[in-house]
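Chemist: Sharing a structure here in structure tokens format.
The values are calculated or read from the model by the stated rules, or taken from the named source; none is laboratory data. Here the structure is a predicted model, which is why all the values come from computation and not from measurement. Cβ coordinates were reconstructed from backbone atoms using ideal geometry, including for glycine residues, and neighbour counts include every protein chain displayed.
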């Protein structure tokens with residue numbers, strides 16, 4: 001059976017088409033739903049309309065792919081917006097149901113999609129939030145989401161490094177003490193973008209990205225180099241998506257600050273993320289619940 005998972009994020013809408021749990025392909029449409037949210041607490045009308053249209057387009061593509069089920073979930077931008085119901089209704093008018101996942105659940109989905117072996121810490125930096133989850137094959141020992149991401153940083157600080165660092169330090173202190181872990185794995189567009197930039201990718205290659213080791217010095221060097229570039233030069237930089245050109249500096253400062261907090265000089269980038277995690281949870285958990293219900297009858 002084929003399935004589709006559509007992730008409505010603060011920065012992008014993403015489509016994943018899978019056969020059972022095996023991914024066939026992913027697509028992305030950067031609509032910046034969360035732009036301005038940190039300043040107003042509300043989703044912008046134009047951003048909502050563009051995002052809803054992108055979701056509808058992906059739903060139509062999934063239907064054309066003959067997907068048996070199409071799952072749509074939304075994260076921080078929709079979750080925290082005062083007018084979230086307006087966006088949910090906009091999708092409902094198009095016949096699309098969306099699940100707004102909770103903050104801790106978002107951390108759990110990232111872990112489910114990215115976990116490899118041993119005790120792992122999964123870091124997911126998005127447009128509106130950043131999640132940390134620690135656990136092993138037996139489950140999670142820690143999961144926390146904080147409302148900080150590329151879009152929020154840009155809204156509040158633009159590219160003022162002093163302001164960014166102060167804002168980031170204040171928010172990430174709320175993670176508190178995390179359990180010990182063996183491997184730090186990073187998912188999300190910030191981490192994958194830095195791999196693409198370092199490798200000068202003219203087209204995204206998931207095989208190169210998945211398992212790539214980035215050092216803290218790599219991230220800091222690329223962040224500073226981009227900060228000193230004109231916007232025109234950034235748009236020509238291989239690996240940097242044009243719609244991330246003005247927000248990537250804040251993402252880089254956040255990524256290196258969290259690594260510093262965790263005491264890590266390097267991390268492993270994973271291309272498998274909360275979309276894979278969402279599908280796994282929906283299919284595996286649902287089947288297990290059905291099996292248990294059948295056994296009790």
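Chemist: Of the conditions (1) touching a residue at least 60 places away in the same chain (Cβ under 8 Å); (2) over 20 Å from residue 10 (Cβ atoms); (3) surrounded by 15 or more Cβ atoms within 10 Å (Cβ to Cβ), residue 219 satisfies every one except a single condition; which number is it?
Modeler: With respect to (1) touching a residue at least 60 places away in the same chain (Cβ under 8 Å); (2) over 20 Å from residue 10 (Cβ atoms); (3) surrounded by 15 or more Cβ atoms within 10 Å (Cβ to Cβ), residue 219 is out only on (1).
Chemist: Follow-up question, since we're still on this one. Would you confirm, using the coordinates I've provided, whether residue 17 is more than 27 Å from residue 205 (Cβ to Cβ), in contact (Cβ under 8 Å) with a residue 40 or more places away in the chain and crowded, with 18+ Cβ neighbours inside 10 Å?
Modeler: no
Chemist: Test residue 239 against the criterion of being under 30 Å from residue 3 (Cβ atoms), assigned to a helix (DSSP H, G or I) and touching a residue at least 40 places away in the same chain (Cβ under 8 Å), and give yes or no.
Modeler: For residue 239, the condition - under 30 Å from residue 3 (Cβ atoms), assigned to a helix (DSSP H, G or I) and touching a residue at least 40 places away in the same chain (Cβ under 8 Å) - is not met.
Chemist: Could you say whether any residue in the range 193-210 is assigned to a loop (DSSP other than H, G, I, E, B), touching a strand residue (DSSP E or B) at 6+ places or on another chain (Cβ under 8 Å), under 17 Å from residue 26 (Cβ atoms) and modelled with pLDDT of 95 or more?
Modeler: yes
Chemist: Going through the range 87-103 one residue at a time, which ones are over 12 Å from residue 53 (Cα atoms) and in contact with a strand residue (DSSP E or B) (Cβ under 8 Å, 6 or more places away or on another chain)?
Modeler: 88, 97, 98, 99, 100, 101, 103
Chemist: Any residue in the range 115-133 that is touching a residue at least 60 places away in the same chain (Cβ under 8 Å) and not assigned by TED's automatic domain parsing to the domain that holds residue 245?
Modeler: No, the range 115-133 contains no residue that is touching a residue at least 60 places away in the same chain (Cβ under 8 Å) and not assigned by TED's automatic domain parsing to the domain that holds residue 245.
Chemist: Let me confirm something: among 106, 76, 68, which residue is loosely packed, with under 15 Cβ neighbours inside 10 Å and at pLDDT 95 or above? Explain how you work it out, then say what you get.
Modeler: On the way: 106 fails: loosely packed, with under 15 Cβ neighbours inside 10 Å; 76 fails: loosely packed, with under 15 Cβ neighbours inside 10 Å.
Only one candidate qualifies: 68.
Chemist: Yes or no: residue 172 under 25 Å from residue 33 (Cα atoms), more than 19 Å from the chain's Cα centre (by Cα) and touching a residue at least 12 places away in the same chain (Cβ under 8 Å)?
Modeler: Against the criterion (under 25 Å from residue 33 (Cα atoms), more than 19 Å from the chain's Cα centre (by Cα) and touching a residue at least 12 places away in the same chain (Cβ under 8 Å)), residue 172 does not qualify.
Chemist: For the range 128-138, state whether one or more residues are assigned to a helix (DSSP H, G or I) and in contact with a helix residue (DSSP H, G or I) (Cβ under 9 Å, 6 or more places away or on another chain).
Modeler: no
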